[in-house]
Structures are given as C-alpha cells and as structure tokens.
Amino acid sequence: MSNFSFKLDENKIQKLKETFKDYIKENKNEYVDTFIQKEDLTITIYKSQKVVFQGNDAFFYASAYIDTKKNRQAGSDEVGTGDVFGPVVVCAAIVEEADYPFIEQNHITDSKQIDDKIILSLGPQLMKKFKHSLLILDNKTYNRVNQTDNLNAIKAKMHNKAFLNMVAKGYDVPKAAYIDQFCSVDNYYRYLFNEKEIYHDLVFETKAESKYPAVAVGSMISRYAFLEYMEKLNQKYHINFHRGSSDTFAIDNDIQMIINKYGKKELENIGKLNFKNFDKYR
C-alpha cells in the first residue's frame with residue numbers, strides 16, 4: 001500500500017474536495033477537516049492543510065498535486081517508432097533531486113526539440129550520469145515480433161522491461177514514475193497480460209517528455225542510441241538512410257538501393273516491414 005503526504009494551499013484543497021465530493025465520509029477526528037474514501041484510495045485532509053493519500057491508487061491520484069518539477073522521479077520514452085529505417089529504442093531513467101542544476105544548465109527536454117548534434121554531444125554524459133535501462137529492438141527482431149504484436153504492444157512490453165531492468169539492477173526506482181502515454185492505460189496493461197512480471201505504479205500522461213525531466217532524459221538517451229545505431233547502418237550499407245516516413249521518394253530510393261546491392265531479403269535487417277513504404281516490394 002502506498003502512502004503520500006504533503007501540504008497543499010487552500011485553492012488546491014478546495015479543488016481536491018470538489019473532485020472527490022461524492023466520496024466524502026464522516027470522520028470524528030478533531031484534527032481532520034475532510035476524509036475521502038473510495039475503492040483502493042483514502043485521502044485525509046487535516047486542518048493543518050496536510051493531505052495524506054493512502055492505498056494502491058494513492059500515487060496515481062496524488063501525482064496531480066505533487067510538484068513534479070523538482071522531485072526525485074523515474075520516466076521512460078521511446079524513439080524510432082515513426083521511422084521506416086532503424087530500430088525501436090526505449091529508455092527508462094532516474095532523476096535525483098541533485099540532478100536538476102545539470103538538467104537546467106543543459107536544457108534537457110523532449111529530444112524531438114533538440115538538434116541531433118547536441119544529442120550526440122550530450123548522449124555519453126547522460127548515459128554516464130543517470131541510472132537508466134536502455135533497450136534497442138533491431139529490425140530483424142521487430143519484424144518477427146510484429147507478426148503477432150502491433151506497435152503499441154511492442155512499446156508496452158519494452159517500457160515494462162525497461163522499468164523491470166532498473167529494479168533488477170538494484171536501482172532504487174522512485175514511486176514517482178512517468179511514461180509518455182501512447183495508448184489507453186487499460187490497453188497498456190492488456191498488452192502485458194501474458195508477461196511474467198509487470199511493473200505497476202506508472203503515471204501515464206501525453207507529452208510527458210516535455211513535463212517530467214526523467215522522461216526527457218529517457219527521450220534523449222533513446223535518441224542518442226538511435227542516432228548511433230543509424231550511423232552504423234549508414235556505414236555498413238554505404239547509404240545515408242532517410243529518417244521518418246513522409247519523404248516517400250527518398251525512402252523508396254533507399255529501399256531500391258538496398259535491393260539492387262543486397263536483394264530484398266536484406267530489407268528485414270534495416271527497415272520496419274509493416275510500413276506502407278515496403279508494400280510494392282513484397
């Protein structure tokens with residue numbers, strides 16, 4: 001059972017009461033202002049303005065009132081899912097309170113907003129400084145797994161594994177753990193139904209990489225690993241593979257060059273074959 005306690009100002013307390021007005025219960029404790037109870041959650045609001053969240057769902061609800069800008073936190077993000085060529089990369093990372101000056105000085109944020117040259121420069125520092133778990137799903141494995149799992153299922157399993165890996169490494173993973181939401185919470189856990197172990201206590205939020213430093217760190221390490229992987233592909237095949245999927249002419253040209261040099265079979269090692277860009281080459 002999780003337990004979170006902190007003080008809130010009067011405006012936030014009123015918002016909290018309004019949100020849970022249907023679950024307010026009688027409490028005779030003279031120090032208690034309001035007592036809220038629902039399935040898997042109790043909230044006690046004291047007259048001192050201290051608020052205590054308890055229960056299995058405590059963090060999920062408490063997170064809306066926690067100052068996430070400076071707290072110790074974990075987060076994960078993925079890169080490469082929108083690229084025809086290259087792997088899917090997921091990284092979960094931990095940010096300590098002492099890390100915030102570094103994060104602010106280096107403008108750590110969503111990697112999509114940062115130039116690749118900066119990512120390549122900062123990447124090694126980030127990997128050394130922050131406890132993290134990095135997963136790289138190569139194209140051949142992706143194409144095999146994608147025969148039974150859709151992209152969201154693949155991402156869910158990779159994020160789950162990234163958090164579990166941090167636990168297995170002995171890291172003290174914070175209760176404040178955020179993930180950039182790419183599907184509904186119900187679907188996320190449905191994708192993990194047959195997994196041997198599932199990491200819970202995640203808070204799902206869209207654009208989390210722009211809101212939570214730990215997700216931003218995960219985003220930047222993922223981007224760095226993706227760029228490094230792509231550079232190796234470029235050197236191996238002597239092709240500067242185009243990014244994304246929208247420039248169909250350039251991507252078609254890359255595909256044709258691979259076919260001409262190495263044959264169609266080699267496409268499974270460099271691209272995500274479920275993309276429509278490959279339809280006419282099947």
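Is it true that Phe60 is in a helix (DSSP H, G or I), farther than 25 Å from Tyr142 by Cβ and touching a strand residue (DSSP E or B) at 6+ places or on another chain (Cβ under 7 Å)? When the stated conditions are applied, Phe60 passes them.
Residues in the stretch 201-210: is at least one assigned by TED's automatic domain parsing to the domain that holds Ile108, farther than 20 Å from Asn165 by Cβ, exposed (fewer than 15 other Cβ atoms within 10 Å of the Cβ) and free of Cβ contacts under 8 Å to residues at least 40 places away in the same chain? Yes.
Being among the basic types (Lys, Arg), in contact with a helix residue (DSSP H, G or I) (Cβ under 6 Å, 6 or more places away or on another chain) and within 16 Å of Ser133 (Cα to Cα) is the filter here; which residues of the stretch 164-223 pass it? Reasoning before the result, please.
Taking the stretch 164-223 first, the residues among the basic types (Lys, Arg) are 169, 175, 190, 196, 207, 211, 223.
If we keep only those that are in contact with a helix residue (DSSP H, G or I) (Cβ under 6 Å, 6 or more places away or on another chain) too, we end up with 175, 223.
Matches in the stretch 164-223: Arg223 only.
Checking every residue in the stretch 165-187 against the condition of being assigned to a loop (DSSP other than H, G, I, E, B) and outside the structural domain of Asp110 (by TED's automatic domain parsing) gives zero matches.
If you check Ile103, Ile136, Ile94, Ile179, which single one turns out to be among the β-branched types (Val, Ile, Thr), farther than 30 Å from Gly55 by Cα and within 15 Å of the chain's Cα centre (by Cα)? Give the steps one after another, and end with the answer.
Working: Ile103 fails: within 15 Å of the chain's Cα centre (by Cα); Ile94 fails: farther than 30 Å from Gly55 by Cα; Ile179 fails: farther than 30 Å from Gly55 by Cα.
The match here is Ile136.
Can you spot a residue in the stretch 55-73 that is surrounded by 15 or more Cβ atoms within 10 Å (Cβ to Cβ), under 30 Å from Asn277 (Cβ atoms) and among the small types (Gly, Ala, Ser)? So far as the stretch 55-73 goes, no, none of its residues is surrounded by 15 or more Cβ atoms within 10 Å (Cβ to Cβ), under 30 Å from Asn277 (Cβ atoms) and among the small types (Gly, Ala, Ser). The set of residues in the stretch 257-276 that are aliphatic (A, V, I, L, M) and either part of a helix (DSSP H, G or I) or exposed (fewer than 14 other Cβ atoms within 10 Å of the Cβ) (or both) comprises Met257, Ile258, Ile259, Leu267.
Condition first: part of a loop (DSSP other than H, G, I, E, B), within 30 Å of Lys276 (Cα to Cα) and modelled with pLDDT of 95 or more. Can you find one or more residues in the stretch 127-139 that meet it?
Start the filter on the stretch 127-139 by keeping residues that are part of a loop (DSSP other than H, G, I, E, B), which leaves 130-131, 138.
From what is left, the residues that are within 30 Å of Lys276 (Cα to Cα) are 138.
Those still in the list that are modelled with pLDDT of 95 or more too: 138.
Checked the stretch 127-139: at least one residue is part of a loop (DSSP other than H, G, I, E, B), within 30 Å of Lys276 (Cα to Cα) and modelled with pLDDT of 95 or more.
Scanning the stretch 76-120 for residues that are assigned to a strand (DSSP E or B) and more than 19 Å from His132 (Cβ to Cβ) yields one hit, Phe85.
Looking at the stretch 28-51, which of the residues that are assigned to a strand (DSSP E or B) and among the aromatic types (Phe, Trp, Tyr) is modelled with the highest pLDDT?
Result: Phe35.
Taken over the stretch 211-227, the criterion of being touching a strand residue (DSSP E or B) at 6+ places or on another chain (Cβ under 7 Å) and either modelled with pLDDT of 90 or more or not assigned by TED's automatic domain parsing to the domain that holds Leu134 (or both) is satisfied by Pro213, Ala214, Val215, Val217, Gly218, Ser219, Ile221, Ser222, Arg223, Ala225, Phe226. So, Ser63, is that one polar (S, T, N, Q), farther than 15 Å from Arg223 by Cα and within 18 Å of the chain's Cα centre (by Cα) or not? It is true that Ser63 is polar (S, T, N, Q), farther than 15 Å from Arg223 by Cα and within 18 Å of the chain's Cα centre (by Cα).
The values are calculated or read from the model by the stated rules, or taken from the named source; none is laboratory data. Because the structure is predicted, anything quoted here is derived from the model rather than measured. In this analysis, Cβ positions are derived from the backbone assuming ideal geometry, glycine residues included, and neighbour counts consider all displayed protein chains.
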